[in-house]
1. Out of Asp170, Asp192, which single residue is of a type outside the set (Lys, Arg), in contact with a Ser or Thr (Cβ under 6 Å, 6 or more places away or on another chain) and in a helix (DSSP H, G or I)?
2. Please verify whether region 223-240 includes one or more residues that are free of Cβ contacts under 8 Å to residues at least 12 places away in the same chain and of a type in the set (D, E, K, R).
3. Taking Ile72 and the conditions (1) of a type in the set (A, V, I, L, M, F, W, C); (2) outside any strand (DSSP E or B); (3) under 16 Å from the mean Cα position of the chain (by Cα), which numbered condition does it fall short on, given that it satisfies the others?
4. Can you find, within region 122-167, the residue that is farthest from the chain's Cα centre (by Cα) among those that are aliphatic (A, V, I, L, M) and not in a strand (DSSP E or B)?
5. Among the residues of region 212-238 satisfying the criterion of being charged (D, E, K, R) and either assigned to a helix (DSSP H, G or I) or outside the structural domain of Gly254 (by TED's automatic domain parsing) (or both), which is modelled with the lowest pLDDT?
6. Given Ile44, Ile95, which one is out of contact with any Phe, Trp or Tyr (no Cβ under 8 Å at 6 or more places or on another chain), aliphatic (A, V, I, L, M) and more than 21 Å from Ile131 (Cβ to Cβ)?
7. Can you tell me how many residues in region 99-111 are part of a loop (DSSP other than H, G, I, E, B) and surrounded by fewer than 13 Cβ atoms within 10 Å (Cβ to Cβ)?
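The values are calculated or read from the model by the stated rules, or taken from the named source; none is laboratory data. Because the structure is a prediction, the values reported are computed rather than measured. Virtual Cβ from ideal backbone geometry, glycine too; neighbours counted across all protein chains shown.
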Amino acid sequence: MNTKRIILKIIFVTLTLAACAGLLVLLVAAIGKKSKEHCKDYVIKIKGAQNNFFIGEKDVLKLITAATDGRIKGEPITDFNLRKLEQVLKDNAWIQNANLYFDNREVLHISVTEKEPVARIFTTTGRSFYIDSSAKQMPLSDRVSARVPVFTNFPNKRFLSEKDSALLNDVKKTAWFILNDPFWMAQTEQIDITEGGTFEMVPTIGNHVVKLGSGDDIDKKFHRLLIFYQQVMSKTGFNRYNFIDVQYAGQIIGSREKITKVDSIQLKKNVERLLQEAKQAQKDTISAMPMNEKENIEQENSKPRLTGSSGQASKTTTTVKPKLIVNKERKKPKAVMSKKVA
């Protein structure tokens, strides 16, 4: 019995060793064959946001050839350090990810994914750059200009403080909301950053400035502004108010001074067209609100309330529907609208 077990063990060990030896032979043969194989060709594929390619195939090829001493075709496949080449590509300011591999025909495949800019920023000294979805700075491109929200008056510092980093994050949040809303993307000409680090929107249509405050609850602020556009400015004209304040929950403050009467019929038509385009692209933002809040707004939508105010906004509110407050003082507001960026 013991002899039988010993024989079985010997057979098992022998077969295992033979299998391992076979695998080793195959591995050595494969390595030997691979060492004799050379790169026959290469294929470069670039994936970009909305097919806006800020880096071209020539740029990618230049980075690869610089890392391989100038040659790709005809070089032994074993000479290519694919992980190193991928890292070289990822170090580029416009590249988010890169993947390299050889297929069974000895063709090198180079797949590159670009970063997506979400905002263009102008500093107080006129320097300009993009930021991506991670709020990281990106250089401008000579190939194409990204159609993204524009922010002006950002502090021009080589090293950002904690406060500046928080401001840049607010820029990212605000830009991301605008970028994903067709109506506000069309209506927002630029957003100016005040000395206090708050945002003021300069619209495409209308001679007014919208005070947004910080980037917190930016979707709710633009929703209040949309209500004001629909219920008030679509009837009074888009040049009636010089300043619209939507910073605080539950209220909207419209401030105006004596201005020359102008014909705003065309402006109304343009905004109505923008509203229709926005409705076709997405559902009405009011329908996405909680049911109890939606019912309160529907009950009062027919009669927007215009309440006199001394011009100071309170941060507390007892109603869901924003109050429409008109400041009739002729005194010019202290806020100064920055010049539009061409």
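1. The conditions single out Asp170.
2. Yes, because at least one residue in region 223-240 is free of Cβ contacts under 8 Å to residues at least 12 places away in the same chain and of a type in the set (D, E, K, R).
3. (3)
4. Leu160
5. Initial filter on region 212-238 (charged (D, E, K, R)): 216-217, 219-221, 224, 235.
From what's left, either assigned to a helix (DSSP H, G or I) or outside the structural domain of Gly254 (by TED's automatic domain parsing) (or both): 219-221, 224, 235.
Details: Asp219: 95, Lys220: 95, Lys221: 96, Arg224: 94, Lys235: 86.
Checking each candidate, the answer is Lys235.
6. After applying the criteria, what remains is Ile44.
7. Total satisfying the criteria: 3.
Results for (1) among the aromatic types (Phe, Trp, Tyr); (2) modelled with pLDDT under 90; (3) surrounded by 12 or more Cβ atoms within 10 Å (Cβ to Cβ), shown as yes or no for each residue.
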| site | (1), (2), (3) |
| --- | --- |
| Asn51 | no, yes, no |
| Phe54 | yes, yes, yes |
| Leu63 | no, no, yes |
| Thr78 | no, yes, yes |
| Leu82 | no, no, yes |
| Thr113 | no, no, yes |
| Phe122 | yes, no, yes |
